[in-house]
Amino acid sequence: MRLVKRLTQVLFLFALMSSVAFAATLEEAKAAGQIGEKQDGYIGFVQTNVPADVAALVADVNAQRRERYQQIARENGIDIREVAKLAFSRALENTLSGNFVESSPGQWTRKP
């Protein structure tokens, strides 16, 4: 339980740090319904046709997340998928109403 609490704290801090660098663009793309939070802990495309800058943003954010998840997994001796699962739970809590989240693989819903 202590490990889960620590991971949650670390993931929260990571989310704050990574969103600062891309705050406006990431939030704008989410608000526009172009992207959303996936169950696997990464950002995904809600729309099939997004501008190149949004696609680049998603690739960059996901690369940063992957790197951080690997670091947390290594430091705590757990599988990266467990870290990503916790990250999705945290992202779901922090997702604004009206933005998209993956309700099941490939299925997007707006958060109430």
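Read-outs: derived from the displayed coordinates by stated rules, not from any lab. All of these numbers come straight from a predicted model, not from anything done at the bench. Cβ sites come from the backbone with ideal geometry, for glycine too, and all protein chains shown count toward neighbours.
General observations
- The modelled label-to-label distance for the pair GLU27/ASP40, using points 7 Å beyond Cα in the direction of Cβ, is 2.8 nm.
- Ranked packing of 25-34, 75-84, most packed first, by mean Cβ within 10 Å: 25-34, 75-84
- Estimated FRET transfer efficiency when R0 is 25 angstrom, pair ASN49-ARG110 (beta carbons, to 0.05): 0.85
- Full-extension gain in nm, ASP79 to SER103, via 0.36 nm per residue minus C-alpha separation: 6.4 nm
- With 0.36 nm allotted per residue and the present C-alpha distance subtracted, the ALA59-ASN94 stretch has 10.6 nm of extension available.
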